[in-house]
Amino acid sequence: MFDNLTRLLRYRGLIQSLVARDLKARYRGSVLGFLWTFVNPVLLLLVYSFVFTTVMPNNVEGVQPYALFMFCGILPWNWFSSSLAESAGSLIAGGNLIKKVLFPAEILPIVSVLANMVNFLLGLLILVPGLIYFHRLHVSANLLWFPVAVVIQLVFTTGLALILAALTVHFRDIRDLLSNVLMLWFFATPIIYPWFQENVKKFRVLFNVNPFTHLAVSYQEILFYGPVGHWKWLLALGAGSVGLFLAGYWLFDRLRDSFAEAV
Amino acid sequence: MKPAIELVNVSKIYRRYGGRQFSTLKSALLQRSILRDLHPSETFPALTDVSFTVPRGSTYGVIGRNGSGKSTALKLVAGITKPTAGTVSVQGRISALIELGAGFHPEISGRENVFINGIMLGLTKHEIHDRFEEIVDFAELREFIDAPVKTYSSGMYMRLGFAVAIHVNPDVLLVDEVLAVGDEGFTHKCLDKFAEFKRSNKTILLVTHSLNLVERFCDEAFWLDAGRGMKHGDPKRVVGAYLTKVEEGEERLLATTTAKAVEEASRPGPADASGGQPQPAEQPLDPTSDMSQATEGRWGSREVEITDVTLLDRESQVSFVFHSGDPITIRLKVRATQPTADFVFGIGLFNADGVCCYGTNTYLEEMNPAGLTGDAEASFVIDSLDLVEGTYKLDVAVHKIDGFPYDYHRLLYTFRVKSRLHDVGIYRPRHRWAFSPNVTFKPDMDRS
């Protein structure tokens, strides 16, 4: 297993080109092309702004402008959920490669996660100017937590992506199940409502069990409302993520030989 | 020196993860038995105890019927799948031409795909950059290299895939039936490239149905049948043994086809239901009538019945496959329910298009019938079957001189003529070529 992990390093050139290809091919043929990477989050931001300032205004103290607050959680969530949705089908979609080319299969889910990470980082180019405009971004040592959160989310997402990719080969139903689970998970995470609301606090235990709570809250604290009080949870999640990644890789490695036959 | 490729007692059992998992995700999760449930329900042995060795620098051909495990063997050598038992060892960098252009992305340009495909096959960006021009020229795609691959024709797609794979510069090249990727010119270029590989002492493992290629190109051949190694060694001998086996199979197939045709035609159908009344001679033995429309059948009064028709080869053995130029005997067994002096034996030979190759009968050949009683035999002996390769059908009949049929078997008997030459037409006259001394030929035909 660890041999395979080091082998992965040798394939970093391939991972890099595949991520670039994914990003290029995604909008190829559309008029706006790569601009969609920016247009998509802007449109999303406008929709949320409209809904939460005009249709059902939310005036909770400390999270204004509300659309921007939600955006701090939605961007990482989109990275997370698209990564999982894409990796779950990645081995089946790349079946041709697995069956015909000598090729470490884990590259496929990893590429899905990384391509979505690049999209996430590009989305920040929309979010950050917004934060600066509304004077919400406090330049301080707190910002150093941001790369930590990104790395932890990367490890966590990759671990989960490997498990889902490997199991989906054998249980195709996971793909359909997953979209519903992700929907539920989204609403069960403090993304479109703030973490410190009274009715959320009542269920704090439940929220603490949800790993993405800690990522979302950390991003909100880092980018939006100041002191990073959640760092202990974040680091604990980091440790758990490494465990999840190793477990995921182990499972993937165990099932590896069955892919070429079952895909 | 270690051989380039070595397979020792390799078995590969494909597992079928049967249809049950569809309903068992829930139960698998509940019982925490995902890994256990992934154990196969059905198995299928693709290779059984196969061993072969390919010395460095040699070209090795693997032949066999469809489904005999050739491609599985290649995938094992490529490392794409793992053997269930036994060991596979390969020395040096492998490039597998198993599926050309696997992993091309349709939306991006040929140029970008060359780079990604090259990296997948183990080249570095720098190496691809150096070889890029060569690859594009080889694929003959200079004008289209910046167009998205989805706009390519399948030939262009394959050529590009082939060009990338062949420029990986491997020590061991695995080729799975991919030479049919281009027009004649491109095929020659590929063969030239293989010859160049051979000269630079690289190892080639070739899986193909083109026996011709194996004979001309390979140093050694290996014949797989139903996942077992049957024979390996000199390509000509292996191909010969394989062809013999193929003929046996064809022979069995033709035997069953014929038996079925006879049985069906002899079954009393609705037309015969009128109390076995003899039908009128609707189809007199006229070899010039349009046979492409004709269907199999049997009719006649059966006063003289053809009870058995067999084709005999040189050794008087029943056979359905003959080589062009072989002797063949068509033997009819007949039974006359009462003695008769009015009878004609006839035969007609048709090719697959329904063209009459030859037809004759005893009356046309001016034999005057005198008597036929009880069980009798009539043989039509051809000393040399001078027909080109193909499948042929046979009419046999016994009828009265005026054409009234006793027993007429139309196209019920099928046999195949094989030939090592691919000459065309129907009839191959006995022939030879003669030249003046200033026309010369090389001793062996070798187009590469």
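The values are calculated or read from the model by the stated rules, or taken from the named source; none is laboratory data. Here the structure is a predicted model, which means the values were calculated and not measured. Don't worry about glycine lacking a Cβ; one is built from the backbone with ideal geometry, like all the others, and counts go over all protein chains shown.
Being surrounded by fewer than 23 Cβ atoms within 10 Å (Cβ to Cβ) and within 30 Å of B:Val172 (Cα to Cα) narrows it down to one residue among A:Phe52, A:Phe103; which is it?
Sole residue among the options that is surrounded by fewer than 23 Cβ atoms within 10 Å (Cβ to Cβ) and within 30 Å of B:Val172 (Cα to Cα): A:Phe103.
This table checks each residue for (1) surrounded by 14 or more Cβ atoms within 10 Å (Cβ to Cβ); (2) β-branched (Val, Ile, Thr); (3) assigned to a helix (DSSP H, G or I); (4) at pLDDT below 80.
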site: A:Val31; (1), (2), (3), (4): no, yes, no, yes
site: A:Leu45; (1), (2), (3), (4): yes, no, yes, no
site: A:Asn58; (1), (2), (3), (4): yes, no, no, yes
site: A:Ala67; (1), (2), (3), (4): yes, no, yes, no
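Applying the selection to segment B:72-83, what residues are at the interface with another protein chain (Cβ under 10 Å from one of its Cβ atoms) and either surrounded by fewer than 18 Cβ atoms within 10 Å (Cβ to Cβ) or small (Gly, Ala, Ser) (or both)?
Across segment B:72-83, the qualifying residues are B:Ala78, B:Gly79, B:Lys82.
Restricting to segment B:62-113, count the residues that are closer than 30 Å to B:Val136 by Cα and in contact with a Ser or Thr (Cβ under 7 Å, 6 or more places away or on another chain).
Of the residues in that region, 1 qualify.
Out of the strands (runs of 3 or more DSSP E) lying entirely within segment B:312-362, which hold 2 or more residues that are within 23 Å of B:Gly300 (Cβ to Cβ)?
B:328-340, B:344-351, B:356-361
Applying the selection to segment A:1-47, what residues are among the β-branched types (Val, Ile, Thr) and within 13 Å of chain B (Cβ to nearest Cβ)?
A:Ile15, A:Val19
Looking only at segment B:84-101, filter to residues that are under 26 Å from A:Leu255 (Cβ atoms) and part of a loop (DSSP other than H, G, I, E, B); which one of those is farthest from the other protein chains (Cβ to nearest Cβ)?
B:Thr84
Checking the condition of a type outside the set (A, V, I, L, M, F, W, C), under 20 Å from A:Ala149 (Cα atoms) and at pLDDT 90 or above, which residue from A:Thr168, A:Thr189 passes?
Answer to the selection: A:Thr189.
Could you grab me the full set of residues in segment A:210-259 that are among the polar types (S, T, N, Q) and crowded, with 20+ Cβ neighbours inside 10 Å?
A:Thr213, A:Ser218, A:Gln220, A:Ser241
Is one or more of the residues making up segment A:57-64 among the charged types (D, E, K, R) and either in contact with a helix residue (DSSP H, G or I) (Cβ under 7 Å, 6 or more places away or on another chain) or farther than 23 Å from A:Leu114 by Cβ (or both)?
yes
Exactly one condition in (1) assigned to a loop (DSSP other than H, G, I, E, B); (2) touching a residue at least 24 places away in the same chain (Cβ under 8 Å) is not met by B:Ala378; state its number.
Condition not satisfied by B:Ala378: (1).
From the residues in segment B:201-228 that are buried (at least 22 other Cβ atoms within 10 Å of the Cβ) and of a type in the set (Gly, Ala, Ser), which one is farthest from B:Leu74 (Cα to Cα)?
B:Ala221
Here are the criteria: (1) in contact with a Lys or Arg (Cβ under 8 Å, 6 or more places away or on another chain); (2) among the hydrophobic types (A, V, I, L, M, F, W, C); (3) surrounded by fewer than 17 Cβ atoms within 10 Å (Cβ to Cβ). Tell me which single one B:Ala370 does not satisfy.
Looking at each condition in turn, B:Ala370 falls short on (1).
Do the conditions hold for B:Gly425, that is, is it out of contact with any strand residue (DSSP E or B) (no Cβ under 6 Å at 6 or more places or on another chain) and under 30 Å from B:Arg267 (Cβ atoms)?
Judged against the criteria, B:Gly425 is not a match.
Per-residue answers, yes or no, for (1) assigned by TED's automatic domain parsing to the domain that holds B:Leu364; (2) part of a loop (DSSP other than H, G, I, E, B); (3) under 20 Å from B:Phe320 (Cα atoms):
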| residue | (1), (2), (3) |
| --- | --- |
| B:Val398 | yes, no, no |
| B:Tyr406 | yes, no, no |
| B:Val417 | yes, no, yes |
| B:Asp423 | yes, yes, no |
| B:His431 | yes, yes, no |
| B:Phe435 | yes, yes, no |
